[in-house]
1. Put +1 on the Cβ of every Lys and Arg and -1 on every Asp and Glu Cβ in the stretch 19-117; which of Ser103, Thr114, Met79 then has its Cα farthest towards the positive end of the dipole?
2. I need the trypsin sites (Lys or Arg not before Pro) found in the stretch 17-107, filtered to DSSP loop residues with at most 16 other beta carbons within 10 Å of theirs.
3. Over the chain, with a Gaussian network built from C-alpha contacts below 10 Å, which listed residue (Gly94, Gly68, Gly25) shows the highest mean-square fluctuation?
4. Describe numerically, in nm with one decimal, the distance between label points set 7 Å from Cα along Cα→Cβ at Thr114 and at Ser24.
5. Set the Förster distance to 30 Å, then compute FRET efficiency between Thr57 and Gln2 from the Cβ-Cβ distance, nearest 0.05.
6. Compute the separation of the alpha-carbon centres of the stretch 91-117 and the stretch 75-90 and state it in Å as a whole number.
7. Along the principal axes of its C-alpha atoms, what lengths does the stretch 56-117 span, in descending order and rounded to whole Å?
8. Between Glu85 and Ala13, what length comes free when the chain is fully extended (0.36 nm per residue of separation minus the Cα-Cα distance, one decimal in nm)?
Amino acid sequence: VQLQASGGGSVQAGGSLRLSCKASGRAFIVNSFGWYRQAPWKQRELVAAIGRGTNYTDSVKGRFTISGDNTNNIVDLQMNSLRPEDTAVYYCYGNIWTPTRGSSDHWGQGTQVTVSS
(Lines give C-alpha, C1' and ligand atoms only; values in the text may rest on other atoms or scores of the structure.)
Protein backbone atom coordinates (compact mmCIF):
# COMPACT_ATOMS: atom_id res chain seq x y z
CA VAL A 1 0.00 0.00 0.00
CA GLN A 2 1.27 3.44 -0.89
CA LEU A 3 0.22 6.85 0.36
CA GLN A 4 0.53 9.69 -2.09
CA ALA A 5 0.26 13.19 -0.70
CA SER A 6 -0.38 16.38 -2.63
CA GLY A 7 -0.96 20.00 -1.88
CA GLY A 8 1.12 22.22 0.29
CA GLY A 9 3.11 25.22 -0.83
CA SER A 10 3.73 28.73 0.36
CA VAL A 11 1.19 31.17 1.68
CA GLN A 12 1.07 34.32 3.75
CA ALA A 13 -0.16 34.28 7.32
CA GLY A 14 -3.92 34.12 7.45
CA GLY A 15 -4.13 32.20 4.22
CA SER A 16 -5.34 28.69 3.49
CA LEU A 17 -3.96 25.51 2.01
CA ARG A 18 -5.37 22.06 1.44
CA LEU A 19 -3.47 18.81 1.66
CA SER A 20 -4.72 15.57 0.21
CA CYS A 21 -3.49 12.02 0.53
CA LYS A 22 -4.64 8.91 -1.29
CA ALA A 23 -3.97 5.33 -0.32
CA SER A 24 -3.57 2.87 -3.16
CA GLY A 25 -2.68 -0.77 -3.53
CA ARG A 26 -4.31 -4.17 -3.44
CA ALA A 27 -6.62 -5.60 -0.82
CA PHE A 28 -6.42 -3.18 2.06
CA ILE A 29 -8.60 -1.48 4.63
CA VAL A 30 -7.79 1.88 6.13
CA ASN A 31 -8.31 1.84 9.88
CA SER A 32 -7.36 5.45 10.40
CA PHE A 33 -5.68 8.34 8.67
CA GLY A 34 -3.69 11.19 10.07
CA TRP A 35 -1.48 14.11 9.28
CA TYR A 36 1.79 14.71 11.10
CA ARG A 37 4.22 17.56 10.72
CA GLN A 38 7.84 18.16 11.47
CA ALA A 39 9.36 21.61 11.73
CA PRO A 40 13.10 22.17 11.60
CA TRP A 41 14.80 21.09 14.82
CA LYS A 42 11.55 19.70 16.23
CA GLN A 43 10.07 16.28 16.67
CA ARG A 44 7.35 15.04 14.41
CA GLU A 45 3.95 15.74 15.90
CA LEU A 46 0.43 14.60 15.21
CA VAL A 47 -1.66 17.39 13.73
CA ALA A 48 -4.97 15.66 13.12
CA ALA A 49 -6.34 12.16 12.86
CA ILE A 50 -9.55 10.56 11.66
CA GLY A 51 -10.80 7.09 12.33
CA ARG A 52 -13.88 6.43 14.38
CA GLY A 53 -13.78 10.12 15.21
CA THR A 54 -11.46 13.03 14.73
CA ASN A 55 -8.88 14.61 16.95
CA TYR A 56 -6.60 17.59 16.60
CA THR A 57 -3.59 18.95 18.35
CA ASP A 58 -4.57 21.99 20.39
CA SER A 59 -2.69 24.50 18.27
CA VAL A 60 -4.77 23.77 15.16
CA LYS A 61 -8.21 23.36 16.69
CA GLY A 62 -10.71 25.65 15.01
CA ARG A 63 -8.36 26.29 12.08
CA PHE A 64 -7.71 22.89 10.52
CA THR A 65 -10.25 20.32 9.43
CA ILE A 66 -9.49 16.71 8.57
CA SER A 67 -11.90 14.80 6.39
CA GLY A 68 -11.94 11.35 4.88
CA ASP A 69 -13.39 9.74 1.78
CA ASN A 70 -13.75 6.07 2.67
CA THR A 71 -14.81 5.03 -0.81
CA ASN A 72 -11.71 6.40 -2.48
CA ASN A 73 -9.34 6.06 0.50
CA ILE A 74 -8.52 9.74 0.57
CA VAL A 75 -7.86 12.01 3.50
CA ASP A 76 -7.76 15.77 3.25
CA LEU A 77 -6.53 18.43 5.61
CA GLN A 78 -8.01 21.88 5.13
CA MET A 79 -5.80 24.44 6.80
CA ASN A 80 -7.19 27.91 7.38
CA SER A 81 -5.88 30.94 9.23
CA LEU A 82 -2.37 29.66 8.78
CA ARG A 83 0.38 30.97 11.00
CA PRO A 84 4.14 31.07 10.56
CA GLU A 85 4.43 28.44 13.26
CA ASP A 86 2.51 26.03 11.04
CA THR A 87 5.51 25.95 8.74
CA ALA A 88 6.70 22.36 8.53
CA VAL A 89 6.91 19.30 6.38
CA TYR A 90 3.56 17.56 6.58
CA TYR A 91 3.29 13.78 6.37
CA CYS A 92 0.28 11.67 5.62
CA TYR A 93 -0.11 8.64 7.86
CA GLY A 94 -2.35 5.62 7.65
CA ASN A 95 -2.94 2.65 9.89
CA ILE A 96 -3.86 0.13 7.25
CA TRP A 97 -4.83 -3.52 7.33
CA THR A 98 -3.67 -5.92 4.64
CA PRO A 99 -4.10 -9.70 4.47
CA THR A 100 -0.36 -10.26 4.54
CA ARG A 101 0.73 -7.84 7.28
CA GLY A 102 -2.35 -7.25 9.34
CA SER A 103 -2.59 -3.68 10.64
CA SER A 104 0.53 -1.58 10.23
CA ASP A 105 1.68 1.99 9.85
CA HIS A 106 2.18 3.55 6.45
CA TRP A 107 3.64 6.94 5.61
CA GLY A 108 3.41 9.14 2.58
CA GLN A 109 6.14 11.40 1.34
CA GLY A 110 6.37 14.75 3.06
CA THR A 111 4.97 17.91 1.58
CA GLN A 112 6.29 21.33 2.53
CA VAL A 113 4.02 23.99 3.98
CA THR A 114 5.56 27.42 4.40
CA VAL A 115 3.71 30.31 6.00
CA SER A 116 5.28 33.73 5.83
CA SER A 117 4.45 36.60 8.15
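1. Result: Ser103.
2. Arg26, Lys42, Arg44, Arg52, Lys61, Arg63, Arg101
3. Gly25
4. Placing both labels 7 Å beyond Cα along the Cβ direction yields 2.8 nm.
5. It comes to 0.70.
6. 16 Å
7. 47, 21, 20
8. 25.0 nm
The values are calculated or read from the model by the stated rules, or taken from the named source; none is laboratory data. Keep in mind that this is a model prediction, so the values were computed, not measured. Here the Cβ is made from the backbone with ideal geometry for all residues, glycine too, and neighbour counts use every protein chain on show. What goes into the accessible areas is simple: the full protein's heavy atoms, side chains included, and nothing from ligands, DNA or RNA. Shrake-Rupley method; radii C 1.70, N 1.55, O 1.52, S 1.80 Å.
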